[in-house]
Amino acid sequence: MIVTIDGPAGAGKSTVARAIAAKLGYIYLDTGALYRAIAWKALATGTDPTVPAAMKRLSRNIRLQIVHTPDGAMEVEVDGRRLTGEIRTPEVTRAAAQVAALPDIREELRPIQQAFGRRSDLAGVVAEGRDLGTKIFPEAQAKFFFQADAAERARRRHAELPVSDKALGLEETRRALDARDDRDQTREIAPLAAAKDAVVIDTTQLSVDDVVERMLRVIEHKAADRR
Ligand code: C5P
């Protein structure tokens, strides 16, 4: 069973994806962490994240490992180094959306993501990102697209910022979020979009439990259809 959740930043995808994965015993796939890992390496090596040739070289030479922790989180290792908070800074966040617009980078990351869908040792996958229902797992049995008011998404993102970045005000967080969503929605390749068969959920007024409950109903239905 493959469950996909796409949507803009701050719509609540990660929290809900992890909750669903824990409830169903599925593996959680945070695809944004892969783009962030590549962006982190670009910044760490002084590579311009907008230059296609340089980024192609970098992505060909990167050793990217996905690690699932016992508490159900997903972390990435770049060239043997485990990255956690480093890939969540505002600088890496901005660079991630820049590298995500490059076709070669998306091509490099595609098989890594799709491999999870073919693993027979997994009961299921809950994957969150921007193009999962449309491009990476078009065959997914249960697809969701989250949306939420921009002000609420900025508030959630600001609350999640590491203490070291809290000085970044709510207004600035909102500007950065708007710029990133705009880039994600308007890029030529795999733009942020709802799949035609996705269930759209506006999470602005909903609690995590509300969203999880709605999704579980849909997933149960889809699973019953397959039996
Ligand atoms: O989801 P997260 O905020 O960690 O994603 C960081 C960036 O990675 C996004 O702004 C987007 O540009 C890119 N991304 C993507 N496709 C995905 C997941 C993330 O383009 N499936």
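Things worth noting here:
- Counting protein heavy atoms only, the chain has 49 percent of its accessible area on carbon and sulfur, 1.4 angstrom probe.
- Only Lys, Arg, Asp and Glu carry charge here, each on its Cβ (+1 for the first two, -1 for the last two); on that basis the chain has a dipole of about 440 debye about its Cα centre.
- Eligible aspartates and glutamates near K166 by straight Cα distance, threshold 19 Å, same-chain separation 8 or greater: E86, E91, E152, D178
- GNM remark for the chain: springs join alpha carbons under 10 Å apart, and the peak mean-square fluctuation among I112, I38, I87 falls on I112.
- Share, in percent, of DSSP beta bridges within segment 1-126 that are antiparallel, nearest 5: 65 percent
- Taking a point 7 Å from the Cα of H221 along the Cα-to-Cβ direction, the residues of segment 163-196 with backbone N closer than 18 Å to it are 195-196.
- With the charge dipole of segment 57-141 set up from +1 on Lys and Arg Cβ and -1 on Asp and Glu Cβ about the Cα centre, the Cα lying farthest toward the positive end among the listed residues A140, G80, L58 is that of L58.
- For the chain, share of DSSP beta bridges that run antiparallel, in % to the nearest 5: 30 percent
- Using C-alpha pairs below 8 Å separated by at least 6 residues, the relative contact order for the chain is 33 percent.
- The alpha-carbon of K196 sits under 14 angstrom from the alpha-carbons of these aspartates and glutamates, leaving out residues fewer than 8 places away in its chain: D6, D131, E139.
- Mean residue ellipticity at 222 nm, helices only, the chain: -15000 deg cm²/dmol; runs of at least 4 DSSP H residues each add -39,500 (n - 2.57), and the sum is divided by the number of residues.
- Rounded if a/c under 1.5, otherwise prolate or oblate - segment 2-211, Cα gyration tensor axes: rounded
- Once the 1.4 Å probe is applied to the protein heavy atoms, segment 2-211 comes out at 47 Å² accessible per residue.
The values are calculated or read from the model by the stated rules, or taken from the named source; none is laboratory data. Bear in mind the structure is a predicted one, so any value in this text is a computation, not a measurement. No Cβ is skipped: glycine too gets one built from the backbone with ideal geometry, and neighbour counts run over all protein chains shown. When the accessible area is computed, the model is the full protein with side chains, heavy atoms only, and any ligands, DNA or RNA have been set aside. Shrake-Rupley method; radii C 1.70, N 1.55, O 1.52, S 1.80 Å.
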